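Down below is the structure, laid out as structure tokens.
The values are calculated or read from the model by the stated rules, or taken from the named source; none is laboratory data. Just so you know, these numbers come straight off a predicted model, no measurement behind them. Don't worry about glycine lacking a Cβ; one is built from the backbone with ideal geometry, like all the others, and counts go over all protein chains shown.
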Amino acid sequence: MVDLTKLKGASAWPKARKGIENAVLPIIGQLPSERVDLQLKTVDETDFPGFTRRRVNYFVNVWDRVSAWLFVPDGKDEVPGILCCHDQVNQGKNEPAGIEGDAGLAFAQHYAELGYVTLAPDCITAGDRVSSRLQPYDTKSVYKDNPEMSMVGKMLVDHMHALDAFTDFRRVDPARVGVIGHGLGALNALLLSAFDNRLQACVASCGFTRFETDKDPQRWARDDGMVLLPKLKGMIEKGSYSFDWEHILAMVAPSATLVITSLTNSRFSNPKSCQKAVTLASRVYKVLGAAHALDHFTHHDGHRVTPETLEVSDEWFERWL
């Protein structure tokens, strides 16, 4: 495991980062070297006061089209864009779009109202991407079609395609693109930020607890249902890990990252461990001259996004995009 506390300076970071990649990629799966032609299509669109909501789709491989909601604010060109990753909800992209689900998680609609272009795609196994005869988030078909890749790796690649679609859209300023997610969406937001340098800002709410101190690490490598990282199982059994969440956070550096943690989050047995991950990763941000680009906001409101939390996120994007 790469020891972030021993990083001596910016010149040592590329080698350390490569070491982290070499630890992470065997677990999530090797990423494809090339991506398919998106063939982005608009299916329909609806006008709302201040923005237009479009249903779009695009290819993520030669046979798989992803459906997404694209929000475009009125009368503005070259504006910042925010990719909105949904939580582990059956309705997928419809929650960040504000169509159904928790209104507090309607990120795509909210940021469109603030003048950002936003995109909310379906995660594989959710929304319009649930396999026939399987329940949402049952990953059997994912591993059948992608035997060399984890569910986490597949989500990462799909979100990279989402960024391709997003950044090619002429209304988006490619130098000002962010990502936000809560729960499963936060996991995806952080992984995408770690492996795709097109992102300048990330907000991740209630997305992880460190493997090393997780009282239920099996959540990452269960035997059925949503199996996120099956190759992590051996490390879980040994209680020894080749990387942890501070390494993922460090890989995001120097892009601006806001980690939001609920100290009363029943989904994670040790949410305070997020602070340790942030503290360890902050060493990398500091040596790269971006000490203020990593922050940690905590609250006691459980596994949800409150108006206060959303306001903090708004300020983060306003500052960094």
Identify all residues within the stretch 100-112 that are of a type in the set (A, V, I, L, M, F, W, C) and either assigned to a helix (DSSP H, G or I) or over 17 Å from G50 (Cα atoms) (or both); write none if there are none. A103, L105, F107, A108, A112
Out of all the residues in the stretch 164-186, which are among the aliphatic types (A, V, I, L, M) and farther than 16 Å from S255 by Cα? A165, V172, L184
Contact list please: Cβ distance under 7 Å, first residue in the stretch 230-255 and at pLDDT 95 or above, second residue aromatic (F, W, Y), pairs at least six apart or on different chains. L232/W220; M235/Y241; Y241/F211; D244/F211; W245/F208; A253/Y285; P254/Y285
Extreme residue, surrounded by the fewest Cβ atoms within 10 Å (Cβ to Cβ), among residues of the stretch 209-240 that are in a loop (DSSP other than H, G, I, E, B), out of contact with any Leu (no Cβ under 6 Å at 6 or more places or on another chain) and of a type outside the set (D, E, K, R): G239
Test of understanding: among V2, V79, which residue is farther than 30 Å from H110 by Cα, surrounded by 12 or more Cβ atoms within 10 Å (Cβ to Cβ) and in contact with a Lys or Arg (Cβ under 9 Å, 6 or more places away or on another chain)? V2
Does R170 satisfy the criteria of being within 30 Å of V79 (Cβ to Cβ), outside any helix (DSSP H, G or I) and in contact with a strand residue (DSSP E or B) (Cβ under 7 Å, 6 or more places away or on another chain)? no
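Yes/no per residue for (1) at pLDDT 95 or above; (2) of a type in the set (G, A, S); (3) under 22 Å from L187 (Cα atoms):
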{"residue": "V24", "(1), (2), (3)": "yes, no, yes"}
{"residue": "I27", "(1), (2), (3)": "yes, no, yes"}
{"residue": "K41", "(1), (2), (3)": "no, no, no"}
{"residue": "E78", "(1), (2), (3)": "no, no, no"}
{"residue": "V89", "(1), (2), (3)": "yes, no, yes"}
{"residue": "I99", "(1), (2), (3)": "yes, no, no"}
{"residue": "Q109", "(1), (2), (3)": "yes, no, yes"}
Complete set of residues in the stretch 60-72 that are modelled with pLDDT under 95 and surrounded by 13 or more Cβ atoms within 10 Å (Cβ to Cβ): V60, N61, D64, R65
Of everything in the stretch 37-91, what is touching a residue at least 12 places away in the same chain (Cβ under 8 Å), of a type in the set (D, E, K, R) and part of a strand (DSSP E or B)? Give them in sequence order. K41, R53, R54, R55
Out of all the residues in the stretch 284-310, which are surrounded by 19 or more Cβ atoms within 10 Å (Cβ to Cβ) and within 22 Å of R17 (Cβ to Cβ)? V284, Y285, V287, A293, L294
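If I ask for residues that are acidic (D, E) and either closer than 19 Å to P32 by Cα or touching a helix residue (DSSP H, G or I) at 6+ places or on another chain (Cβ under 7 Å) (or both), which ones from the stretch 184-215 would you list?
Passing the criteria: only D196.
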